[in-house]
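So the structure is just underneath, and the comments pick up after that.
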Amino acid sequence: MKHTKFMIPILFSALILFSAACYSPVEYDIVDQSRVIKLRVSDNTIVGTFSDVTDGRSLCSTGNNEFLVASGTGTLYRFDSQAMELDTSFVIGFGSGSGYGNMITPKPGSIYIVGAAGKIIEVSLQTNSVIDEFEAGPMPNALCASPTSQKFYVSDGSDRQIREIDPVNNTVLRTSSPLNSVPVSITIESFLNDYLLAASSSEEGSVERVTLSTFYVNPISLGSSSSDITAAPAESIWAVVHPEWFAENGSVSICSNYSAPEIFSVPVAGHPTNICSIPGSTLFYVLSYLGDGTSRITAINYFTKEIIAEIDIPGFPWDITSHANGEYILTLTSDI
């Protein structure tokens, strides 16, 4: 079968949802080659590339000098970011079409990752090994860490609930009521430290605002299906990306305020799938798919709402994250 640029994300979404719903190991024989590109924020130049990652799914920065890449093969890659060289790799599970998505670092020395078959995996960075595997809902699909405590949060693609996790013993502390739509990405704001935001892929672009003190859920409509969400550090500003796969281009909703948000739409070329904020700046960086095996990194000033840089890179987009206290960003793309 020949894949068009619109069929690729739809096929991948169908594969992920189907395999995760089965709760069993998946025979995974579609493997792509992925790359990590490192870009310096100050001048938006590419300063490093590593092109030999198998089936990369997600990124996680673990400080100034290291980052991680999770693979759909069940392998976790650990990189020296200064040299852009592989430091080590080790197996954390079986190959899966549904697993190894979001990674977070809610407590020192450990990372948590959405694993295969509906599990959350805790990995020790000291021993490079899995130290726990546990359930936090029937089909977890996104994670985010609290900026003020070591608690973290898990959204579920099956029961549409948000769960608060205590990382001391990896137990569920609280569970929200079901959200109105299936969440695809979650983030916590650090301006008021009051809200968790969950973006959904619903047609109306629902974002569920969860009050952390009560776990009360209140929906906000952005008018278009979403794929990722982020909050600016220590600012009352957040943003959501809308790929618009059946249109020519997508957009980014830049939202001011959490209780009564003002929403400003910024059109971007291609189909934006991922977004990250940059500490110490007024920038959001967006990763979009242009088609024909090319992605684009777009830098947007969230105060002026202006696009200040566009950098084209090879591959289909998987993830983007800030690195080294906002000095760099990392992007993950693949050839499939």
- Those residues that are surrounded by 15 or more Cβ atoms within 10 Å (Cβ to Cβ) and part of a loop (DSSP other than H, G, I, E, B), I need them from the range 139-158; list them, please. MET139, SER146, GLN150, LYS151, GLY157, SER158
- Got at least one residue in the range 181-197 being charged (D, E, K, R) and farther than 25 Å from TYR285 by Cα? no
- Note on the structure: SER34: passes all of (1) outside any loop (DSSP other than H, G, I, E, B); (2) modelled with pLDDT under 95; (3) hydroxyl-bearing (Ser, Thr, Tyr) but (2)
- Task: Can you confirm whether the range 112-134 contains a residue that is under 19 Å from PRO317 (Cβ atoms), in contact with a Lys or Arg (Cβ under 7 Å, 6 or more places away or on another chain) and not hydroxyl-bearing (Ser, Thr, Tyr)?
- Result: no
- Filter the range 200-216 for residues that are assigned to a strand (DSSP E or B) and either modelled with pLDDT under 95 or charged (D, E, K, R) (or both) and give the result. SER200, SER206, GLU208, ARG209
- Task: Might you let me know whether the range 78-95 holds any residue that is in contact with a His (Cβ under 8 Å, 6 or more places away or on another chain), assigned to a loop (DSSP other than H, G, I, E, B) and modelled with pLDDT of 95 or more?
- Result: yes
- Output the number of residues of the range 46-77 satisfying the condition of being under 16 Å from GLU122 (Cβ atoms) and either hydrophobic (A, V, I, L, M, F, W, C) or outside any strand (DSSP E or B) (or both). 6
- Query: Among the residues of the range 168-199 satisfying the criterion of being touching an Asp or Glu at 6+ places or on another chain (Cβ under 6 Å) and in a strand (DSSP E or B), which is surrounded by the fewest Cβ atoms within 10 Å (Cβ to Cβ)?
  - Reply: LEU173
- Identify the single condition in (1) within 23 Å of VAL69 (Cα to Cα); (2) more than 15 Å from the chain's Cα centre (by Cα); (3) surrounded by 23 or more Cβ atoms within 10 Å (Cβ to Cβ) that PRO108 does not satisfy, given that it satisfies every other one. (3)
- Message: Being under 14 Å from the mean Cα position of the chain (by Cα) and aromatic (Phe, Trp, Tyr): is that true of TYR195 here?
- Response: no
- What do you reckon, is THR49 surrounded by fewer than 16 Cβ atoms within 10 Å (Cβ to Cβ) and of a type outside the set (D, E, K, R)? yes
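The values are calculated or read from the model by the stated rules, or taken from the named source; none is laboratory data. No experiment lies behind these values; they were computed from the predicted model shown. No Cβ is skipped: glycine too gets one built from the backbone with ideal geometry, and neighbour counts run over all protein chains shown.
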